[in-house]
Amino acid sequence: MNTEKTKKIMQEEKTTLPVGKYLRELSIVVLGVLISFGISNWIGVRNSGKDMKLQLTAIKLELEENINEIDSSLKKMKPSIDYADYLKSRDKKSINMDTLYVFEVNGGMNTIFSFHFNSNAFEMFKIGGMMRLVDDKDLLISIWDAYEEINEAEETLDWVMKIKLDEELKRLQWSEEEKKKNIPMYQFYKDSGLAYETENILNQLLAKLKETDEKLEKALK
């Protein structure tokens, strides 16, 4: 009886051992897959974080380029503002034509130039899907608003320069006698106030870009 019982137990163990071994091997494989997936996911998240930081750095550099562009534009506009200030401080009869000639010779008051601001880094940021990874929503809104203001300012400034160009083209058609009697670009500088408006737009945009640049500086530390 004991011999038969022992044989029966041994036979049962033989049938159960392969199943136990299979389960152990399977659990090892599953564990390996989970570890591998976890590492891959961790690497993916880490790489996404690096990509986001690189794109935010690119945006910061781009904003700084635009800030330099605004500074340069404000310097170019200085003679125009000086000319507008002179016209504003005089009535039409007391304006000295020799003084106007000095303004014209020194240049600036009749200079036409275009405004160009960069937005390539921001466009890459939008289409690259990195926005969803930015936890600081205030920073995200500030970046978006900064580039919205860039677009609006660029359109308005180009429109102002077109008006200035039209005024200058009219003046070029004057005879020498008419040039002596008429005040150069009087309507543009005195009546419209567009020179001051251009300066205001640039200064407002400059303040917005500097504010966003400071936020990016803090976020990238």
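The values are calculated or read from the model by the stated rules, or taken from the named source; none is laboratory data. A quick note: this is a predicted structure, and the numbers were derived from the prediction, not measured. Don't worry about glycine lacking a Cβ; one is built from the backbone with ideal geometry, like all the others, and counts go over all protein chains shown. With ligands, DNA and RNA removed, areas are computed over all heavy atoms of the protein, side chains included. Shrake-Rupley method; radii C 1.70, N 1.55, O 1.52, S 1.80 Å.
Residues that are under 14 Å from the mean Cα position of the chain (by Cα) and open to solvent by 30 Å² or more (accessible area, probe 1.4 Å) were ranked within the stretch 97-126; the one that is nearest to LEU54 (Cα to Cα) is MET124. If the condition is being open to solvent by less than 60 Å² (accessible area, probe 1.4 Å) and over 24 Å from GLU148 (Cα atoms), then the stretch 47-62 contributes SER48, GLY49. Annotation note: of ASP98, ASP85, ASP51, the sole residue that is in a helix (DSSP H, G or I) and modelled with pLDDT of 90 or more is ASP85. I need the full set of residues from the stretch 184-200 which are open to solvent by 70 Å² or more (accessible area, probe 1.4 Å) and under 21 Å from ASP71 (Cα atoms), in order please. Listed by number, the residues that qualify are GLU197, ASN200.
In the condition set (1) at pLDDT 90 or above; (2) basic (Lys, Arg); (3) open to solvent by 70 Å² or more (accessible area, probe 1.4 Å), LYS181 is compliant with all but (1).
Mind checking whether some residue in the stretch 145-167 is more than 29 Å from LYS60 (Cα to Cα), in contact (Cβ under 8 Å) with a residue 40 or more places away in the chain and either out of contact with any Ser or Thr (no Cβ under 6 Å at 6 or more places or on another chain) or open to solvent by 30 Å² or more (accessible area, probe 1.4 Å) (or both)? It would help to see each step written out before you state the result.
Kept after step one, since they are more than 29 Å from LYS60 (Cα to Cα), are these residues of the stretch 145-167: 162-167.
Applying the additional criterion that residues be in contact (Cβ under 8 Å) with a residue 40 or more places away in the chain yields 164-165.
This time we only want the ones that are either out of contact with any Ser or Thr (no Cβ under 6 Å at 6 or more places or on another chain) or open to solvent by 30 Å² or more (accessible area, probe 1.4 Å) (or both), so: 164-165.
So far as the stretch 145-167 goes, yes, one or more of its residues are more than 29 Å from LYS60 (Cα to Cα), in contact (Cβ under 8 Å) with a residue 40 or more places away in the chain and either out of contact with any Ser or Thr (no Cβ under 6 Å at 6 or more places or on another chain) or open to solvent by 30 Å² or more (accessible area, probe 1.4 Å) (or both).
Annotation note: Cβ proximity below 7 Å between a residue of the stretch 201-214 that is open to solvent by less than 30 Å² (accessible area, probe 1.4 Å) and a residue that is of a type in the set (Ser, Thr, Tyr) (sequence gap 6+ or interchain) occurs for ILE201/THR156; LEU202/SER73; THR212/SER142. Scanning the stretch 162-192 for residues that are farther than 18 Å from THR111 by Cβ and part of a loop (DSSP other than H, G, I, E, B) yields a total of 4.
Screening ILE112, ILE141 for residues that are closer than 25 Å to GLN204 by Cβ, assigned to a helix (DSSP H, G or I) and out of contact with any Ser or Thr (no Cβ under 6 Å at 6 or more places or on another chain) leaves exactly one candidate, ILE141. Given the conditions (1) within 20 Å of ALA146 (Cβ to Cβ); (2) not in a loop (DSSP other than H, G, I, E, B), report the number of the one that LYS221 does not fulfil. Failed condition: (2).
Quick check on this structure: which one of GLU65, GLU4, GLU12 is open to solvent by 70 Å² or more (accessible area, probe 1.4 Å), assigned to a helix (DSSP H, G or I) and at pLDDT 90 or above?
Values: GLU4 fails: at pLDDT 90 or above; GLU12 fails: at pLDDT 90 or above.
So the residue among GLU65, GLU4, GLU12 that is open to solvent by 70 Å² or more (accessible area, probe 1.4 Å), assigned to a helix (DSSP H, G or I) and at pLDDT 90 or above is GLU65.
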